[in-house]
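Peer 1: First the structure, which I've put down as structure tokens, then a few questions once you've had a look.
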Amino acid sequence: MTIFTEKVIAVIRAIPEGKVMTYGQIAKCAGSTRGARQVVRILHSLSQKHRLPWHRVINAKGEIAIADPESYELQSFLLRAEGVEIEKDKYVCLERYQFFPDGDPGF
């Protein structure tokens with residue numbers, strides 16, 4: 001496992017219940033400003049093995065980006081169960097629910 005992958009896993013694990021982070025934000029926190037697609041790959045391949053809260057990761061527009069209808073519904077259900085409001089069936093208000101590990105939105 002690469003250092004980047006280990007950092008991504010740690011960042012995702014740190015997202016608290018009721019909060020979300022974006023793929024790009026996670027990549028940046030893990031040390032790669034251009035690693036958003038790698039975060040997607042890591043989530044896809046390692047979420048189950050590492051019991052990651054994958055449902056707390058959304059795209060930069062605040063959208064649930066999963067194309068598979070069943071997985072989309074599951075992510076939406078899990079976020080709502082944590083108190084996250086979903087607008088227009090796919091949008092999360094980043095201003096309200098986005099998590100910043102160091103507390104600074106400018107990180």
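The values are calculated or read from the model by the stated rules, or taken from the named source; none is laboratory data. Since the structure is predicted, the reported quantities are computational estimates derived from the model, not experimental observations. Quick reminder, even Gly has a Cβ in these numbers, built from the backbone with ideal geometry, and neighbours come from all protein chains shown.
Peer 1: Out of all the residues in the range 19-26, is one or more touching a strand residue (DSSP E or B) at 6+ places or on another chain (Cβ under 9 Å), among the basic types (Lys, Arg) and in contact (Cβ under 8 Å) with a residue 12 or more places away in the chain?
Peer 2: Looking through the range 19-26, at least one residue is touching a strand residue (DSSP E or B) at 6+ places or on another chain (Cβ under 9 Å), among the basic types (Lys, Arg) and in contact (Cβ under 8 Å) with a residue 12 or more places away in the chain.
Peer 1: Looking at this structure, is residue 84 of a type in the set (Val, Ile, Thr) and under 22 Å from residue 27 (Cα atoms)?
Peer 2: Answer is no for this residue.
Peer 1: Report the residue count in the range 73-107 for those that are part of a helix (DSSP H, G or I), of a type in the set (Phe, Trp, Tyr) and either within 12 Å of residue 56 (Cβ to Cβ) or modelled with pLDDT under 95 (or both).
Peer 2: Qualifying residue count for the region: 1.
Peer 1: Which numbered condition trips up residue 50, out of (1) within 13 Å of the chain's Cα centre (by Cα); (2) touching a residue at least 40 places away in the same chain (Cβ under 8 Å)?
Peer 2: (1) is the only condition that residue 50 fails.
Peer 1: Next up: Considering the range 54-69 alone, what residues qualify as being assigned to a helix (DSSP H, G or I) and modelled with pLDDT under 95?
Peer 2: Within the range 54-69, 69 is the sole residue that qualifies.
Peer 1: Are any residues in the range 13-41 touching a helix residue (DSSP H, G or I) at 6+ places or on another chain (Cβ under 8 Å), part of a helix (DSSP H, G or I) and more than 21 Å from residue 70 (Cβ to Cβ), and if so, which ones?
Peer 2: Matches in the range 13-41: 13, 24, 26, 27, 29, 36, 37, 38, 39.
Peer 1: Determine, yes or no, whether residue 18 is of a type in the set (Gly, Ala, Ser), at pLDDT 95 or above, buried (at least 17 other Cβ atoms within 10 Å of the Cβ) and within 20 Å of residue 95 (Cα to Cα).
Peer 2: No: the conditions fail for residue 18.
Peer 1: Something else now. Would you please name the residue that is surrounded by the most Cβ atoms within 10 Å (Cβ to Cβ), looking only at residues in the range 21-56 that are small (Gly, Ala, Ser) and within 20 Å of residue 94 (Cβ to Cβ)?
Peer 2: The residue in question is 27.
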